[in-house]
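Right, one structure below, let's go through it.
The values are calculated or read from the model by the stated rules, or taken from the named source; none is laboratory data. These numbers come from a predicted model, not from an experiment. Note that each Cβ is placed from the backbone with ideal geometry, even for glycine, and that neighbours are counted across all protein chains shown.
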Number of protein chains: 2
Amino acid sequence: MKIVVDMMGADLGVLPIIEGVSKALANKAFEPVLVGDAKQAKAFISKDLASKVEVIDCPDFIRMDEQATDALKRKESSIFVGMDILKNGADALVSAGHSGATMGLATLKLGRIRGVSRPALCTLMPSVGKRASLCLDVGANTDCKAEYLLDFAILGYEYAKSVLGYDSPTVGLLANGEEDSKGDSLTKEAFKLINQYPLFAPPKEGTPIFKGNVEGNDIFVNSVDVVVCDGFVGNIVLKTTEGVASAIGNIFKTTIKEHFSAKIGAFLLKEAFGMLKQKTDYAEYGGAPLLGVNKAVIISHGKSNARAIECAIYQAIKTKESGVAEKMARAFSHKTPTEPTASN
Amino acid sequence: MKIVVDMMGADLGVLPIIEGVSKALANKAFEPVLVGDAKQAKAFISKDLASKVEVIDCPDFIRMDEQATDALKRKESSIFVGMDILKNGADALVSAGHSGATMGLATLKLGRIRGVSRPALCTLMPSVGKRASLCLDVGANTDCKAEYLLDFAILGYEYAKSVLGYDSPTVGLLANGEEDSKGDSLTKEAFKLINQYPLFAPPKEGTPIFKGNVEGNDIFVNSVDVVVCDGFVGNIVLKTTEGVASAIGNIFKTTIKEHFSAKIGAFLLKEAFGMLKQKTDYAEYGGAPLLGVNKAVIISHGKSNARAIECAIYQAIKTKESGVAEKMARAFSHKTPTEPTASN
């Protein structure tokens, strides 16, 4: 399996990317194609690793402060070159660079799965439930139509089932109350579309897949496995979650430091935060898959460490092996596309 | 000062409401008018308290599962009667009952401040910053126009300045990124309106009041004092915040219980959670004011304890004393109403 890894544009530079690839190679068999500045990379690639990776030299990359639309024209950039390699035969791509650029190029070059109106960025949320809920869209689409939300529901459901291996995943629509009457005009319309779609239609017996509206707090107790929202709201939910977790962490740290000796304090912090870190560490979740395009694209956090890149590669391998793209195409076959979609 | 307190519809019954009134009376001089089931209340009203309060018997109330629109017709209900008393001479109202009913009746009976398109529900968010940010709208208006968001910015700014006593409060627009180019179509339009409004226009020297777009995590570090969003997004932010805080609390409790003896564990929990509770306890914040109507209306949490009701009463007194309604009316004078607004 050939996996393209973009070495450029991440906050911590190329080192953690190369380390992540090296760690993943120790556990899984795959052929990494590293795209980016070969000169920079050379310093970090051991002789042993060099024999296992292909490096494509393309030092240009899209900076975080550049417009995503610029990426569509920058043919020499690492993500442009990488996406071409993916299109022409590789199996998956991992990038911790400019996420807008990666999403734009993926949609343009790989095309959407037939029936999908818009690809969506999908992320796993920390949970005290037995499974983590996945949330989509968390940023790919700012202004959404109801039809997009239906598509996100289908994409999320298939991903939860095929890639995460969730047994009988459930789906909810994020709203301002759990009653069916709640929602804004967008989610009210989406509610109807989802409820009528053959995959989600309430069954004659057994429990339905679509659980209707869910609220913000439902995300963290796994009330449903897939939480559907537009990309504007999803981004705000994601940032709010990070903000609350970080604020609480700070309050705890201050309190513990004030009340306990340095030694006991350090021990408490390690114990109390260990579990929290395990539950909320984005590194363990890998990255956010872009769902709805014709190949596996994993978008990693800009601050990704080696472990995050390693996990993103495992996720890419699992996505490819699961055959989820084919399953998604089948799930969308009940849908008459209302607008032209790219096929491939 | 005459303050109407709705005794009905709260999750914990009439007792904490009456206790809250009693506690507030010990610290502040005001005339409470208690509306609700006099028979139920009688059991909890001491002889001493009875001499200081007026009780208006109206046992009917709007249940949490009833529609807010029903409240507009239920003339015998405690909130209907209470809102009439407020309209006809009282100074403020506090209710922990059906919030939709309270909002609907307040708008209908008290009328909007001239120039206000929609009243907004406003809440203080926990913060690690030196001040807490206030967030509005958190649920009064589900589908918003850009003009409403401008109004929320004005209302929030005046409340922060006059009632909270914030020196030079700043305002931000909640979006999916902090760059000016970010936002959905609604917030992009609102951005322009706010930036052009005389109150917020960038000054020739000094720092501007309107800081542009802010992200979800900015709320908890007080990047700005007033965070503006539509009521659908605001409700989701509020519930997400509660959900994350509760999930982290659970993870900590489990970890501490697993690693320490019951006695040490209890001590740790008390210490570590004490500070957190102080920072996040909604009881200390009182309630959510409904901004934009012609009198002070404080909507308390359905689960309010006596302390929450006591604080809500202080907030009502402060709101009235600050003369904020008059200041808001002045702040809206730069605005040409685009639709008829109630005056009073």
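All conditions but one from (1) modelled with pLDDT under 90; (2) farther than 13 Å from A:G243 by Cβ apply to B:I236; the one that does not is (1).
Here's the yes/no breakdown for (1) within 9 Å of another protein chain (Cβ to nearest Cβ); (2) of a type in the set (G, A, S); (3) closer than 16 Å to B:E326 by Cα:
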| position | (1), (2), (3) |
| --- | --- |
| B:C144 | yes, no, no |
| B:D151 | no, no, yes |
| B:L155 | no, no, yes |
| B:Y166 | no, no, no |
| B:P169 | no, no, no |
| B:L173 | no, no, no |
| B:E179 | yes, no, no |
| B:K182 | yes, no, no |
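Return the residue satisfying two criteria in turn: it lies in the range B:230-254 and is hydroxyl-bearing (S, T, Y) and either out of contact with any helix residue (DSSP H, G or I) (no Cβ under 8 Å at 6 or more places or on another chain) or within 19 Å of B:S127 (Cβ to Cβ) (or both), and of such residues it is farthest from the other protein chains (Cβ to nearest Cβ). Residue satisfying both the conditions and the ranking: B:S246. Name the residues in the range A:196-233 that are among the small types (G, A, S) and either free of Cβ contacts under 8 Å to residues at least 60 places away in the same chain or in contact with a Cys (Cβ under 6 Å, 6 or more places away or on another chain) (or both), would you? Within the range A:196-233, A:A201, A:G206, A:G212, A:G216 qualify.
Within this structure, B:I3 fails the test of being outside any helix (DSSP H, G or I), of a type in the set (A, V, I, L, M, F, W, C) and more than 24 Å from B:Y285 (Cβ to Cβ).
Do you know which of the residues in the range B:282-295 that are surrounded by fewer than 24 Cβ atoms within 10 Å (Cβ to Cβ) and modelled with pLDDT under 90 is nearest to B:V116 (Cα to Cα)? If we take residues in the range B:282-295 being surrounded by fewer than 24 Cβ atoms within 10 Å (Cβ to Cβ) and modelled with pLDDT under 90, then B:Y285 is nearest to B:V116 (Cα to Cα). Does at least one position in the range B:181-195 carry a residue that is among the acidic types (D, E), crowded, with 19+ Cβ neighbours inside 10 Å and over 20 Å from the mean Cα position of the chain (by Cα)? Yes.
Being among the small types (G, A, S) and surrounded by fewer than 24 Cβ atoms within 10 Å (Cβ to Cβ) is the filter here; which residues of the range A:232-262 pass it? Within the range A:232-262, A:A245, A:S246, A:G249, A:S261, A:A262 meet the criteria.
When A:G165, A:G100, A:G111, A:G139 are checked against the criterion of being assigned by the TED database to the domain that holds A:D84 and modelled with pLDDT under 95, a single residue qualifies: A:G100.
Consider the range B:219-242 and keep the residues that are assigned to a loop (DSSP other than H, G, I, E, B) and either in contact with a strand residue (DSSP E or B) (Cβ under 6 Å, 6 or more places away or on another chain) or hydroxyl-bearing (S, T, Y) (or both). The one that is nearest to B:K145 (Cα to Cα) is B:C229.
Are any of the residues in the range B:211-218 out of contact with any strand residue (DSSP E or B) (no Cβ under 9 Å at 6 or more places or on another chain), of a type outside the set (F, W, Y) and either at the interface with chain A (Cβ under 7 Å from one of its Cβ atoms) or under 18 Å from A:G216 (Cα atoms) (or both)? So far as the range B:211-218 goes, yes, one or more of its residues are out of contact with any strand residue (DSSP E or B) (no Cβ under 9 Å at 6 or more places or on another chain), of a type outside the set (F, W, Y) and either at the interface with chain A (Cβ under 7 Å from one of its Cβ atoms) or under 18 Å from A:G216 (Cα atoms) (or both).
Does B:S51 fit the bill of being among the polar types (S, T, N, Q) and either closer than 23 Å to B:C311 by Cα or not assigned by the TED database to the domain that holds B:V297 (or both)? Against the criterion (among the polar types (S, T, N, Q) and either closer than 23 Å to B:C311 by Cα or not assigned by the TED database to the domain that holds B:V297 (or both)), B:S51 qualifies. Considered as a group, the residues in the range A:22-36 that are on the phi < 0 side of the Ramachandran plot and small (G, A, S) include one that is nearest to the chain's Cα centre (by Cα), and that residue is A:A24.
Here the range A:165-209 is the region considered, the condition is being among the aliphatic types (A, V, I, L, M) and out of contact with any strand residue (DSSP E or B) (no Cβ under 7 Å at 6 or more places or on another chain), and the residue that is nearest to A:R330 (Cα to Cα) is A:L199.
For (1) of a type outside the set (S, T, Y); (2) at pLDDT below 95, each residue gets a yes or a no:
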site	(1), (2)
A:D6	yes, no
A:D11	yes, yes
A:L34	yes, no
A:S51	no, no
A:V55	yes, no
A:D60	yes, no
A:D70	yes, yes
A:I79	yes, no
A:K87	yes, no
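For every residue, the table says whether it meets (1) at pLDDT below 75; (2) hydroxyl-bearing (S, T, Y); (3) in the same structural domain as A:S133 (by the TED database).
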site	(1), (2), (3)
A:I264	yes, no, yes
A:A272	yes, no, yes
A:V297	no, no, no
A:R307	no, no, no
A:A329	no, no, no
A:T336	yes, yes, no
